[in-house]
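The values are calculated or read from the model by the stated rules, or taken from the named source; none is laboratory data. Treat the numbers as computed from the prediction; the structure is a model and nothing was measured. Using ideal geometry, Cβ is built from the backbone for each residue, glycine included, and neighbour counts are taken over all protein chains shown. Calculation scope for accessible area: heavy atoms of the full protein, side chains included, ligands and nucleic acids excluded. Shrake-Rupley method; radii C 1.70, N 1.55, O 1.52, S 1.80 Å.
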Amino acid sequence: MDSISGMRLIQSFTNEEFESRRFAERNQENMTANLKSVRLRSMFGPIIDLLNNIGLVAVIVFGAWQVMEGEFTIGLIVAFLAYLRLLQSPVRNFSRVISIVRQSAAAFERITEILETQPEISDKGNAIELPAIKKKIEFKSVDFAYDETVPVLGNLNLTMKAGQVTALVGSSGAGKSTITSLLIRFYDPQNGTIKMDGHNIKDVSLKSLRGQMGIVSQDIILFNGSIRDNIVYGKLNATDDEIIESAKAANAHDFISAFPDGYDSQIGERGVKLSGGQKQRIAIARALLKNPQIIILDEATAALDTESEHLIQQALSRLMKKRTSIVIAHRLSTIHDADQIIVLEKGQVLEKGTHDQLMQNNGRYKQLHDLQFPQLSDIKYLAT
Ligand SMILES: Nc1ncnc2c1ncn2[C@@H]1O[C@H](COP(=O)(O)OP(=O)(O)OP(=O)(O)O)[C@@H](O)[C@H]1O
Ligand SMILES: [Mg+2]
């Protein structure tokens, strides 16, 4: 089943061509190796048989001669031949065992290779513990590209204040999710620095950096297992009460309790099917349970029904309360009250300010606002 979801991942990245080419290459290598092993084995078998039979002939010839000389009795020869037969199959087995041992050695080598692969991003030798963030997160002249030929962020400068809500908006592909991936150090920028309270995040331990952050990501990651397993992932030693408390705050408790197996319901192929909004609320419960200093919210683009939207909005404001929040919003209602809105375009900051300031600016933000949410803004202004 997981290979099927793996397939989805490949498809979603449109890497089919690359993957299938790589697969074909591996297949070719595998076939060559298999052919070699079959050739060896088919040579080995007859050789062993031949040796066996030569031995047999030698014993019979030598035995017959010795019997004629009167040195051996016929009985001795017959017994010897019987013992020789007994020896045959262990010898054959032995050659088979040797081939299995060789195969396992190759597999072992491959496993060690994988286990010893150094991740690209790792702690410096003298990494320090990042203290709880109090002042600000700063991106200074950050250049970043996933693939050297296509720059994604160019000379990006931005500051996010601790305890505030910073929203990132901009069209698809502007680099919003990339900024959060750099902050959590899934990647390092090619140039420039990212500092938290003056500490370059390259100098602090990954554990202390990522430990401070909670992510509710664009593509919500739930794994196969129960709903409880998925929530408790935020804090592995959480008690049942804590789990239920965070599920309640995430507006997830009611729908979870409605399942026959409640929190023990399995998610996925053989378990309950969750809607997009339900998955999101489980991810929010997980983040609430972790109780991080910094919350990164990469809003899903998929449209939700109004009720679900309202429940999620409520859950999100509980999650963002009293934290440093970085919100990537597609629904601008999420960020209406943000302390700072940063508008990005092609990896650059286009404009920044509060909602009111940006609406007055009459720039890209207002354009996005009017373009994407005409009804929403109408309703809002009618209501107030
Ligand atoms: N893992 C990756 N490998 C290579 N290129 C990537 C990767 N992730 C994103 N990109 C590219 O980087 C650019 C910025 O992507 P990013 O995901 O940051 O955009 P975004 O602003 O979050 O867009 P959206 O609103 O659609 O989520 C895009 O051109 C994208 O194609
Ligand atoms: Mg994104």
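Listed conditions (1) assigned to a loop (DSSP other than H, G, I, E, B); (2) surrounded by 15 or more Cβ atoms within 10 Å (Cβ to Cβ) are all met by PRO260, apart from (2). A Cβ distance below 8 Å, combined with a sequence gap of six or more or placement on separate chains, defines the contacts here; from the range 90-106, residues that are in the same structural domain as ILE48 (by TED's automatic domain parsing) reach residues that are open to solvent by 70 Å² or more (accessible area, probe 1.4 Å) and assigned to a helix (DSSP H, G or I) in the pairs SER95/PHE44; SER99/LEU40; SER99/ARG41; SER99/PHE44. Of all residues in the range 232-239, one or more are over 23 Å from the mean Cα position of the chain (by Cα), open to solvent by 40 Å² or more (accessible area, probe 1.4 Å), assigned by TED's automatic domain parsing to the domain that holds THR166 and more than 30 Å from ALA174 (Cα to Cα). Are any residues in the range 143-174 more than 16 Å from ligand 2 (Cβ to nearest atom) and of a type outside the set (A, V, I, L, M), and if so, which ones? Answer for the range 143-174, where residues must be more than 16 Å from ligand 2 (Cβ to nearest atom) and of a type outside the set (A, V, I, L, M): ASP143, ASP147, GLU148, THR149, PRO151, GLY154, ASN155, ASN157, THR159, LYS161, GLY163, GLN164. The number of residues in the range 325-371 being within 16 Å of ligand 1 (Cβ to nearest atom), free of Cβ contacts under 8 Å to residues at least 12 places away in the same chain and at positive phi comes to 0.
Residues in the range 81-93: is at least one within 16 Å of ligand 1 (Cβ to nearest atom) and of a type in the set (Lys, Arg)? Scanning the range 81-93 turns up no residue that is within 16 Å of ligand 1 (Cβ to nearest atom) and of a type in the set (Lys, Arg).
Total residues in the range 241-288 satisfying the condition of being at positive phi and in contact with a helix residue (DSSP H, G or I) (Cβ under 7 Å, 6 or more places away or on another chain): the figure is 2. Under the condition of being under 12 Å from ASN52 (Cα atoms), β-branched (Val, Ile, Thr) and open to solvent by 70 Å² or more (accessible area, probe 1.4 Å), the residues counted in the range 66-99 number 0.
Checked against the criterion of being assigned by TED's automatic domain parsing to the domain that holds ALA315, touching a strand residue (DSSP E or B) at 6+ places or on another chain (Cβ under 6 Å), farther than 26 Å from GLU129 by Cβ and at pLDDT below 95, the candidates ALA247, ALA258, ALA174 yield just one match: ALA174. Checking each residue in the range 325-343 for being of a type in the set (Ser, Thr, Tyr) and surrounded by fewer than 19 Cβ atoms within 10 Å (Cβ to Cβ) picks out only SER333. May I ask you to list the residues in the range 158-185 that are open to solvent by 60 Å² or more (accessible area, probe 1.4 Å) and either away from ligand 1 (no atom under 16 Å from the Cβ) or in contact with a helix residue (DSSP H, G or I) (Cβ under 9 Å, 6 or more places away or on another chain) (or both)? The one that is open to solvent by 60 Å² or more (accessible area, probe 1.4 Å) and either away from ligand 1 (no atom under 16 Å from the Cβ) or in contact with a helix residue (DSSP H, G or I) (Cβ under 9 Å, 6 or more places away or on another chain) (or both): LYS161.
Can we say LYS322 is within 27 Å of the chain's Cα centre (by Cα), open to solvent by 10 Å² or more (accessible area, probe 1.4 Å) and at positive phi? Criteria not met by LYS322.
Any residue that is away from ligand 2 (no atom under 16 Å from the Cβ) and surrounded by fewer than 16 Cβ atoms within 10 Å (Cβ to Cβ) - is there at least one of those in the range 135-142? Looking for residues that are away from ligand 2 (no atom under 16 Å from the Cβ) and surrounded by fewer than 16 Cβ atoms within 10 Å (Cβ to Cβ), one finds at least one in the range 135-142, hence yes.
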